[in-house]
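Quick notes on the structure that follows.
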Amino acid sequence: MHNRFAKEPGADDSRQRSDYTHYLAQRMAPAIQALTLLAVAAYLLAAGGRALVSGSPVPVLLRLAPAVPLAVLALLTRREKRPVPLSLLALSCVLVLEMGVNLNGIGQAPGQRLVLPGLLLPVASSVIWIGRWDFIVAMIICALGPLPMLLIGATSGLPIFQYAVYMTIAMSVATVLRAFMTRTLFEQYRLEKQLRAQAHTDGLTGLLQRNRFLELARDALDDIYLRRMPAAVLYLDADHFKQLNDTFGHAAGDDVLVKLADRLRSQMRESDLIGRIGGEEFVVLLPGADLQHAQLRAEQLREAMRVVQRPDRPLTISIGIAPCNRPGESIDSLMSRADMAMRQAKLNGRNRVVVDASIA
């Protein structure tokens, strides 16, 4: 997984790996749930069949007992979606199955010790492991699990040698299956991520589209009001942009917008939200920023835009600020106030920052 991310932009971003791990958990959860239920049924069938066809010094109830924790694990997987707990539940299932294989193997004749369940487990479980660590642990459990049964009463090393050969083949098949599954899921994850980005971001600037910005901003404001944090909304507009398009064409205007968006991104914190509202208008939500901090950030943005060169002059912007000082106010209302302040900045001569005059 880490090698694949090394090929992606922002490969050092641990959040990408965390997102991918949770994505795998969501995709693997149904398979884990199905296989744990299958493990209960298969174990009861195998242990019950073993009890009918051959004797054993181990009581039947004791040999059937592992079905109880297997059933509990199957129930727990139905309610779990987190990656690490899912992996631990699946590993626990494999461990209980190996204990059951040993219980049912006691009393077999030496020639019967190569039981099929112990060799099937690596292959059967190969496609459910979310990370590399749980796959490695699972293979170790599968490899070592049946050894106690093989060693008890062994008169020669032949059964163990045969087991080692067959288990090596089984684990090799499991590794190939998991590699194929991992590659397929990663490609699917990357494709879905690209599709989501295209649906949520503006194709020209790469910033959030209006609807997506509003959706995320509403969630952010709920958290801001709950935690009683300061916040502010900035409404930005490129000055004399229509004149730029009319004189130099829309290609020149698009180039300026792309550079404007790049400068915006370079000035933002991870917690800030940026959206392109339409045309040359942009909006920024600054969680945790009081009015003084918002004014400072707005001035920094205004100055940062001067390095962007239009065909006729340096780029300038007008910014309106609406502090989030009315508990429960919607993002639409905040944007409207910031928009009015931005329009006042235009009337005052452009290339300036104006605070909403309706502050109560």
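The values are calculated or read from the model by the stated rules, or taken from the named source; none is laboratory data. This is a predicted model, so every value here is computed, not measured. Virtual Cβ from ideal backbone geometry, glycine too; neighbours counted across all protein chains shown.
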Would you be able to say whether some residue in segment 269-283 is at pLDDT 95 or above, under 24 Å from His240 (Cβ atoms), among the hydrophobic types (A, V, I, L, M, F, W, C) and buried (at least 22 other Cβ atoms within 10 Å of the Cβ)?
-> yes
Determine the pairs where a residue that is in contact (Cβ under 8 Å) with a residue 60 or more places away in the chain, located within segment 264-292, has a partner that is basic (Lys, Arg) with Cβ atoms under 8 Å apart, the partner being 6 or more residues away or on another chain.
-> Ile274/Arg265; Gly275/Arg210; Gly275/Arg212; Arg276/Arg210; Ile277/Arg210; Gly278/Arg210; Phe282/Arg276
Condition test on Met149, is it at pLDDT below 90 and either touching a Lys or Arg at 6+ places or on another chain (Cβ under 7 Å) or closer than 10 Å to Leu119 by Cβ (or both)?
-> yes
Is one or more of the residues making up segment 226-240 more than 20 Å from Asn351 (Cα to Cα) and part of a helix (DSSP H, G or I)?
-> yes
Residue under evaluation Gly100, criteria (1) within 22 Å of Ile140 (Cα to Cα); (2) in contact (Cβ under 8 Å) with a residue 60 or more places away in the chain; (3) small (Gly, Ala, Ser), criterion not met | (2)
Can Gly349 be described as assigned to a loop (DSSP other than H, G, I, E, B), more than 34 Å from the chain's Cα centre (by Cα) and surrounded by fewer than 23 Cβ atoms within 10 Å (Cβ to Cβ)?
-> yes
